[in-house]
Amino acid sequence: MNTYYQLSTGDVIKQFNTSFTGLSDETVAALQKKYGANVLTQTKQKSRLAILLGQFTDIMILILIGAAVISFIAGEHIDACVILAIIIANAWMGYSQEYNAEKSILLLQQMDPRYALVIRNNNPVKLVAAELVPGDIMLLNAGDIVPADGRLIAVHSLLTAEASLTGESNAVEKHTNTIAHQNLVPGDQLNMVFKGTLVSAGSAKAVVTAIGMDTELGKIAGMLSPATQQTPLQKRLAVFSKQLSVVVIIICLLVFALGLWRGEPAFQMFLTALSLAVAALPEALPAVITIALAQGARRMAKQKALIRKLPAVETLGSVTYICTDKTGTLTQNSMQVENLYAAPGLEDLLLHAMLLNNEISFAAGGLLGDPTEKALVDYAMQHGILREAARNQFPGVARLPFDSERMKMSTLHKHGNRWILFVKGAPVKMLESLDEKSKPQIPEWQTKNRQWAADGLRVLILGYRIFDQPPAVVTNEIETDLELLGMVAMIDPPRPEIIDAISQCKTAGIRTVMITGDQPLTAAAIAARMGITGATYDGIKTGADLTDLAPEEFAGIVKSTLVYARVSPKQKLHIVQQLQKQGEFVAMTGDGVNDAPSLKQADIGIAMGITGTDVSKESADMILLDDNFATIVNAVREGRRIYDNIRKFILYVLACNLGEILTIFMAPLFGFSIPMLPIHLLWINLVTDGFPGLALVGEPAEKNIMQKPPRPPGENLFAGGLAVNILFTGVIITIATLSVQWWAVRQGYDVKAQQTMVFTTLCFVQLGNALSVRSFQFGVFSRSLFANQFMWVTIVLTVALQLLIVFVPGLQTVFKTTAVAGNALCVVGLATLVSVMCTEGFKRLKFRP
Ligand code: ATP
């Protein structure tokens, strides 16, 4: 058990050979060698071998292996070998699919590293948290996840949430005093911070005392294996697959019985029924869904939307509301001071306050911190205020960090033999906190604020308060009786791509709502400029408008409002909840520590990659690596595409399987001999079903994808006529194969030739169907025919393989085929053409938008 809490801050610093100015680069290198990286050892990934072996636990595969063995004993050596080869190929495909899917998911996790702010060589630096070493001085701010265990050496109103470690649900107030008690559990070590806990308010400095697996979190890390997440779709499909399996097995038993009854050889019928079961069971379905989702998530990451929770990929398509922040998401967050107004005679003091009142770190590479504060500091420095001189003139004593609930931040400084409190914040909040002497100036300042805000500028007011004695306690209560110091307006240009993104949302049936902490006039100006509202929109609601409302009133307001200003994080949460109550599917952005509850509550919680706090990222389903609203819209589009493609895959595979089953089942009823041999079925299952099916997953979005309304989240997978479509296509496939067999019988072809023709027809019809399925609504030729190159590769390859199987003598022996005449091939081609025309015609009749 660690005892650093019993040491004084000085002793801890001494024990770790460090200092307030941090470690030097040389020491860090040596320590990294000694202690390794600050990471928790990953819980064990499934090994490749385990994934490969897993493929052979499938009951159908086991039966097939049994069949191969029986065939071998029965003297059917070639059959046995082919079945084995197909089993191996099948297992290999399953393995590579599963392995790639797992790798994609792992890669995604690694794309979201956590950063830490530390002091090294007397300079603050931001580095990947894995690089921390014991002895580092870490700087903590509200919203951070503590990157390592540490002994606190300075705190400013620090509160941490340690539930993940100690189970304590209330935030804990921390201090730097030495604690004498023996054997304290982490929850009672109030001068320590622990890896993985959250800084819920305030800021602090701490010496790193333990990293990686040596931390308190590391000690219990074994218990934290990440739960595997099944998406709603995967769950529904798992259930569906099970039900379907039962049906397929019953049919196969029937086929077997029917064959016996007709006097077919029992062994032959056993193999046929078994192969049919293997071919018709949609065992690839779950794997392909995972691939589709994981591939989609990878593509989204390339487009700067990092998916943290896989279900989000499929549910993104259901979003009906996007509630977005303004600053940084709709605007560029590249703040610049545009206008400045100082109270008469206080110009110099105002500039000093702008330089000193913030949480900015002055790193070697530039300023680190909030863009609003950076703009103020930049401005003050450009206007001749020197940092060192300012700090000497106003040495810092205490700080009340910014929080978006009270919308202010304060710093207390010693000045001569008095104390001065600098406060900056949102105009309304500041004007509410003035002393009696300053109150008469309010109308004048309000007018100026209104003028600037109407131009879409972000306005802050700065104030100050003088104390003759240091305040007894430094809490929010001292942010009153302020005198006005000045007013600053910053320009934050809109992102140019947003207007188009918002209009896309409109056609896609998605409402965009702006929820900002900024004031109404600024919000209104920006919302109108972006096209969220019309130019004359006057329905803006503020946080104050939302308090004390009856539930019905609140519901009414939420239904109609497009812009909320000056709302607190708590109100954001209520807005999401209300929208959800009204049946909406809500995506919500957030960046601050207080946004975590709304992000969790939203159907899709979206955190900001650049400006977001660790806490918001941790609660989110998706992270915008570029903080950009347009990225959300792209992700929604991508989510819709993926869901569409999964449905296309299901349509393709199930229709094909149905065609196979019906062909085998019906042929005897027409008095035909067995239309296909087990090997043919296995081959079709592996090649003809497998590859084009996979290619469908990469299909580009349909052109009207953002003109359709959002999909209801609980919608049945087979909604919108998918089941009928599957039935129809399956029947068409069967008609094609049986017609060809009928023709072959009439022409007097022997059974082997009949089987070769049916086998080839089934293969070609399915390929034609793969092309047709590429779009639910539009004809084969109405979308770019070659947009999906992988599809064409698989089609050309499959056709070539099929012709080889039919015409190359060695392969004929293996696959029990025979070369068929040219006119027979023409009939096969004709059947293919007609069946594709039928499915296309059906699509036109039923699904044309
Ligand atoms: P959005 O919610 O759209 O991202 P926001 O940055 O305006 O925008 P908050 O961060 O909640 O939202 O800030 C609320 C208000 O508090 C701001 O409009 C501004 O007036 C004030 N404010 C923001 N940052 C600071 C700060 N660092 N110090 C003092 N006041 C601030």
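So what are the ³J(HN,Hα) numbers for the range 490-499, from phi and the Karplus equation (6.51, -1.76, 1.60; θ = phi - 60°), rounded to whole Hz, Gly and Pro as x?
Karplus values, whole Hz, x for Gly and Pro: 10, 9, 9, x, x, 6, x, 7, 5, 4.
Relative contact order for the chain using alpha-carbon pairs under 8 Å, separation at least 6, rounded to a whole percent?
Working: 1500 pairs, mean separation 97.7, N = 849.
It rounds to 12 percent for the chain.
Treating the beta-carbon of each Lys and Arg as +1 and of each Asp and Glu as -1, no other charges, what is the dipole magnitude of the chain about its Cα centre, to the nearest 20 debye? List each step's numbers first, then the result.
Numbers: 71 positive and 70 negative charges, 406 e Å.
Magnitude of the dipole: close to 1960 debye.
Tell me, rounded to the nearest percent, the portion of alpha carbon pairs in the chain spaced more than 48 Å apart.
Numbers: 135582 of 359976 pairs.
Here the tail beyond 48 Å accounts for 38 percent of pairs.
Amide H to amide H under 5 Å from Leu158: which residues, 5+ apart in sequence or cross-chain, H placed 1.01 Å off N in plane?
Hits under the 5 Å cutoff: Lys174, Ser203.
Step through the residues of the range 616-624 one at a time and calculate ³J(HN,Hα) from phi using the Karplus curve (6.51 cos²θ - 1.76 cosθ + 1.60, θ = phi - 60°), rounding each to whole Hz and writing x for Gly and Pro.
5, 5, 4, 8, 8, 8, 8, 10, 8
For the charge dipole of the chain, defined by +1 on Lys and Arg C-beta atoms and -1 on Asp and Glu C-beta atoms about the Cα centroid, which residue among Ile478, Thr166, Ile557 has the Cα displaced farthest towards the positive pole?
After comparing all options, I get Ile557.
Probe radius 1.4 Å, ligands and nucleic acids ignored: give me the carbon and sulfur share of the accessible area of the range 336-491 as a rounded percent. Write down the numbers at each step before the final one.
On the way: 3510 of 7080 Å².
Summing carbon and sulfur atoms, their accessible area is 50 percent of the total for the range 336-491.
Can you show me the helix-derived [θ] at 222 nm for the chain, built from DSSP H runs with n ≥ 4 at -39,500 (n - 2.57) apiece and divided by the number of residues, rounded to the nearest 500.
Numbers: 31 runs with 410 residues, N = 849.
Computed mean residue ellipticity for the chain: -15500 deg cm²/dmol.
Just the accessible area per residue of the chain, please: how many Å² with a 1.4 Å probe? Kindly include the intermediate steps, with their values, before the conclusion.
Working: 35640 Å² over 849 residues.
Counting only protein heavy atoms, the per-residue value for the chain is 42 Å².
Just to make sure I understand: if all protein chains stay in place, what is the order of Arg529, Arg236, Arg711 by accessible area at 1.4 Å, largest first? Each step should come with its number before you reach the end.
Numbers: Arg529 115, Arg236 80, Arg711 35 Å².
Ranked from most to least accessible, the order is Arg529, Arg236, Arg711.
Net charge near Arg418: determine it from the other residues with C-beta under 11 Å of the C-beta of Arg418, scoring Lys and Arg +1 and Asp and Glu -1. Display every interim value, and only then the final one.
Numbers: positive: Lys414, Arg465; negative: Asp468.
Around Arg418, the surrounding residues sum to +1.
Along the charge dipole of the chain, which of Ile461, Leu184, Ala596 sits closest to the positive end, that is, farthest toward it, with unit charges on the beta carbon of Lys, Arg, Asp and Glu (+1, +1, -1, -1)?
The one lying farthest along the dipole's positive direction is Ala596.
Enumerate the amide H contacts of Lys408 below 5 Å, restricted to partners 5 or more residues apart or on another chain; note that Pro and chain-start residues carry no placed amide H.
Asp403
Quick one: net charge of Thr611's neighbours, Cβ under 10 Å, K/R +1, D/E -1?
Details: positive: none; negative: Asp325, Asp370, Asp591, Asp627.
So the surrounding residues net to -4.
May I ask you to give the percent of accessible area on the range 1-125 that is carbon plus sulfur, with a probe radius of 1.4 Å?
Numbers: 4590 of 7300 Å².
Carbon and sulfur atoms account for 63 percent of the accessible area of the range 1-125.
Distance check, please: which entries in Lys242/Lys816; Lys33/Lys304; Lys424/Lys581; Lys309/Lys572; Lys235/Lys506; Lys14/Lys374 exceed 28 angstrom between their Cα atoms? List each step's numbers first, then the result.
Details: Lys242/Lys816 33 Å; Lys33/Lys304 34 Å; Lys424/Lys581 37 Å; Lys309/Lys572 22 Å; Lys235/Lys506 31 Å; Lys14/Lys374 34 Å.
Over 28 Å apart, Cα to Cα: Lys242/Lys816; Lys33/Lys304; Lys424/Lys581; Lys235/Lys506; Lys14/Lys374.
Quick one: 3J(HN,Hα) in Hz for the range 297-306, Karplus 6.51/-1.76/1.60 with θ = phi - 60°, rounded, Gly and Pro as x.
Calculated HN-Hα couplings, in order: 4, 5, 5, 4, 4, 5, 8, 6, 10, 8 Hz.
Between helix 569-581 and the chain, what is the angle of the helix's C-alpha long axis to the longest principal axis, kept within 0 to 90° and rounded to the nearest 10?
30 degrees
Taking the alpha-carbon distance from Lys559 and a cut-off under 13 Å, which aspartates and glutamates remain once sequence neighbours fewer than 8 residues away in the same chain are dropped?
Filter leaves Glu584.
Farthest toward the dipole's positive end in the chain, which of Trp445, Ala129, Ala389, given Cβ charges of +1 (Lys, Arg) and -1 (Asp, Glu) about the Cα centre?
Ala129
Within the range 564-639, which chymotrypsin sites (Phe, Trp or Tyr not before Pro) sit in a loop by DSSP and count at most 14 neighbouring Cβ atoms inside 10 Å? All intermediate terms of the calculation are to be shown ahead of the outcome.
Working: sites: Tyr564, Phe585, Phe629; in loops: Phe585.
Sites meeting the loop and neighbour criteria: none at all.
Highest mean first, what order results for 132-141, 176-185, 14-23 on Cβ atoms within 10 Å? Don't jump to the answer; show the numbers that get you there.
Values: 132-141: 23.9, 176-185: 11.8, 14-23: 16.9.
Listed from highest to lowest mean packing, they are 132-141, 14-23, 176-185.
Please give the charge dipole size of the range 636-734, origin at the Cα centre, charges +1 on K and R Cβ atoms and -1 on D and E Cβ atoms. Round to the nearest 20 debye.
On the way: 8 positive and 7 negative charges, 76 e Å.
The calculation lands at about 360 debye.
Using the Cα centre of the range 1-110 as the reference point, and only Cβ charges (+1 on K/R, -1 on D/E), how large is the resulting charge dipole? Debye, rounded to the nearest 20.
Details: 7 positive and 8 negative charges, 89 e Å.
Dipole size: approximately 420 debye.
Can you tell me how the range 48-101 classifies by the Cα gyration tensor, rounded, prolate or oblate, using a/c under 1.5 as the rounded cut?
Numbers: a/c = 3.64, a/b = 2.34, b/c = 1.56.
Taking the square roots of the gyration eigenvalues as a ≥ b ≥ c, the range 48-101 is prolate.
The values are calculated or read from the model by the stated rules, or taken from the named source; none is laboratory data. Quick caveat, the model's predicted, so the values are computed rather than measured. Note that each Cβ is placed from the backbone with ideal geometry, even for glycine, and that neighbours are counted across all protein chains shown. Ligands, DNA and RNA are stripped out before the accessible areas are found, and what is left, the full protein with its side chains, is counted by its heavy atoms. Shrake-Rupley method; radii C 1.70, N 1.55, O 1.52, S 1.80 Å.
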